[in-house]
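S.K.: Below is the structure I would like to discuss, written out as structure tokens.
The values are calculated or read from the model by the stated rules, or taken from the named source; none is laboratory data. No experiment lies behind these values; they were computed from the predicted model shown. Don't worry about glycine lacking a Cβ; one is built from the backbone with ideal geometry, like all the others, and counts go over all protein chains shown.
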Amino acid sequence: MANAELNVTLREEAGKGVARKLRAQGLVPAVVYGKGIEPCTITVEPKALKKAVSSEAGWNTLITLKGAAPVEGKVVVLKDLKLHALRRTMVCADFHAIDLTKKGHFMIPVVTVGTSAGEKAGGMLQILRHEIEVICLPFAVPQSIEIDVSALDIGDNVHVADITAPEGCEIPYDANFTILMVAGHKPEAEEVEGEEVEEAGGE
């Protein structure tokens, strides 16, 4: 599991006006919340936050907060990040405090391995779920769920029940939903030419 540190400052005032002033200063208003702790308003530098979640683990990176006394040493994950619709700059962020001794729910990206037989025959691989939820301890969060698609033909699909959960993880689901499929039309059987059919003659 990827780990990072993030320096933050305490934000005593809240409200839209305060948030606008912070963004004008190049800072991102954020909130830290979690079971057993009081929500805490903080500010972060956008470049530092981007760097913290730049590993392959992405938002599942375990981030240790530094600098603000109420959250000093807290381990969190990024839960929400709003971007400006046009400028794509960071508007605000939410962090969820993690209890390292208890299992949590994490969304893990799906990664396909190989090229399916169906694609080689002219079909198209369609990924319907790009992430799968897993339940595990924070330090056991896998970076990805790999699915070998090389044996899949046109019309074949992979459901969540077909996935073997990584060690230390379980994959919860209520319905056996489809994760990916190979779409397309199978080529029709070619007609055999040159064969002559003999008609039975009467006596």
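S.K.: Among the numbered criteria (1) outside any loop (DSSP other than H, G, I, E, B); (2) farther than 23 Å from Glu56 by Cα, which single criterion is violated by Gly122?
M.R.: Answer for Gly122: the failing condition is (1).
S.K.: Separate question: Hey, can you tell me all the residues within the stretch 104-119 that are within 18 Å of Ile179 (Cα to Cα), in a strand (DSSP E or B) and without any contact (Cβ under 8 Å) to a residue 60 or more places away in the chain?
M.R.: Phe106, Met107, Ile108, Pro109, Val111, Val113
S.K.: Kindly list, by first and then second residue, each pair from a residue in the stretch 48-72 that is within 12 Å of Ala30 (Cβ to Cβ) to a residue that is of a type outside the set (Asp, Glu) and assigned to a loop (DSSP other than H, G, I, E, B), limited to pairs with Cβ atoms under 6 Å and residues at least 6 apart or on different chains.
M.R.: If the second residue must be of a type outside the set (Asp, Glu) and assigned to a loop (DSSP other than H, G, I, E, B), the pairs left are Leu65/Val8; Leu65/Lys74; Ala68/Val8.
S.K.: Also, I was wondering about something else. Going by the conditions given, is Phe106 of a type in the set (Phe, Trp, Tyr) and within 30 Å of Lys16 (Cβ to Cβ)?
M.R.: no
S.K.: Among the residues of the stretch 14-36, are any under 30 Å from Glu146 (Cα atoms) and either surrounded by 13 or more Cβ atoms within 10 Å (Cβ to Cβ) or touching a Phe, Trp or Tyr at 6+ places or on another chain (Cβ under 9 Å) (or both)?
M.R.: Among the residues of the stretch 14-36, not one is under 30 Å from Glu146 (Cα atoms) and either surrounded by 13 or more Cβ atoms within 10 Å (Cβ to Cβ) or touching a Phe, Trp or Tyr at 6+ places or on another chain (Cβ under 9 Å) (or both), which makes the answer no.
S.K.: Further question: Looking only at the stretch 143-161, which residues are in contact with a Leu (Cβ under 9 Å, 6 or more places away or on another chain) and more than 20 Å from Ile171 (Cα to Cα)? Step through it out loud before you land on a result.
M.R.: Within the stretch 143-161, the first condition is being in contact with a Leu (Cβ under 9 Å, 6 or more places away or on another chain), and the residues that meet it are 147, 149, 152, 157-158.
Leu152 - this is the single residue of the stretch 143-161 that is in contact with a Leu (Cβ under 9 Å, 6 or more places away or on another chain) and more than 20 Å from Ile171 (Cα to Cα).
S.K.: Condition (residue is of a type in the set (Asp, Glu) and under 15 Å from the mean Cα position of the chain (by Cα)) applied to the stretch 157-174: is it met by at least one residue?
M.R.: Going residue by residue through the stretch 157-174, those that are of a type in the set (Asp, Glu) are 162, 167, 170, 174.
So of that shortlist, the ones also under 15 Å from the mean Cα position of the chain (by Cα) come out as none.
No, the stretch 157-174 contains no residue that is of a type in the set (Asp, Glu) and under 15 Å from the mean Cα position of the chain (by Cα).
S.K.: Is it true that some residue in the stretch 56-66 is over 29 Å from Val110 (Cα atoms) and more than 24 Å from the chain's Cα centre (by Cα)?
M.R.: yes
S.K.: Which residue is modelled with the highest pLDDT, if the candidates are limited to the stretch 3-22 and must be in a helix (DSSP H, G or I) and over 25 Å from Gly73 (Cα atoms)?
M.R.: Looking at the filtered set, the residue picked out is Lys21.
Matching residues to (1) touching a Pro at 6+ places or on another chain (Cβ under 9 Å); (2) part of a strand (DSSP E or B):
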{"site": "Arg129", "(1), (2)": "no, no"}
{"site": "Ile132", "(1), (2)": "yes, yes"}
{"site": "Ile135", "(1), (2)": "yes, yes"}
{"site": "Pro142", "(1), (2)": "yes, no"}
{"site": "Ile147", "(1), (2)": "no, yes"}
{"site": "Asp153", "(1), (2)": "no, no"}
{"site": "Ala161", "(1), (2)": "no, no"}
{"site": "Thr164", "(1), (2)": "no, no"}
{"site": "Tyr173", "(1), (2)": "no, no"}
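S.K.: Among the residues of the stretch 73-103, what is the count of those that are part of a loop (DSSP other than H, G, I, E, B), touching a residue at least 12 places away in the same chain (Cβ under 8 Å) and within 18 Å of Ala30 (Cβ to Cβ)?
M.R.: Number satisfying all stated conditions: 3.
S.K.: Contact list please: Cβ distance under 7 Å, first residue in the stretch 26-41 and over 14 Å from Asn7 (Cβ atoms), second residue of a type in the set (Gly, Ala, Ser) and surrounded by fewer than 17 Cβ atoms within 10 Å (Cβ to Cβ), pairs at least six apart or on different chains.
M.R.: So the pair list comes out as Thr41/Ala14.
S.K.: Can you find even one residue in the stretch 177-189 that is at pLDDT 95 or above, polar (S, T, N, Q) and exposed (fewer than 14 other Cβ atoms within 10 Å of the Cβ)?
M.R.: No, the stretch 177-189 has no match at all.
S.K.: Within the stretch 118-172, take every residue that is among the hydroxyl-bearing types (Ser, Thr, Tyr) and farther than 23 Å from Lys186 by Cα and give me the one that is surrounded by the fewest Cβ atoms within 10 Å (Cβ to Cβ).
M.R.: Checked the stretch 118-172; the qualifying residue surrounded by the fewest Cβ atoms within 10 Å (Cβ to Cβ) is Thr164.
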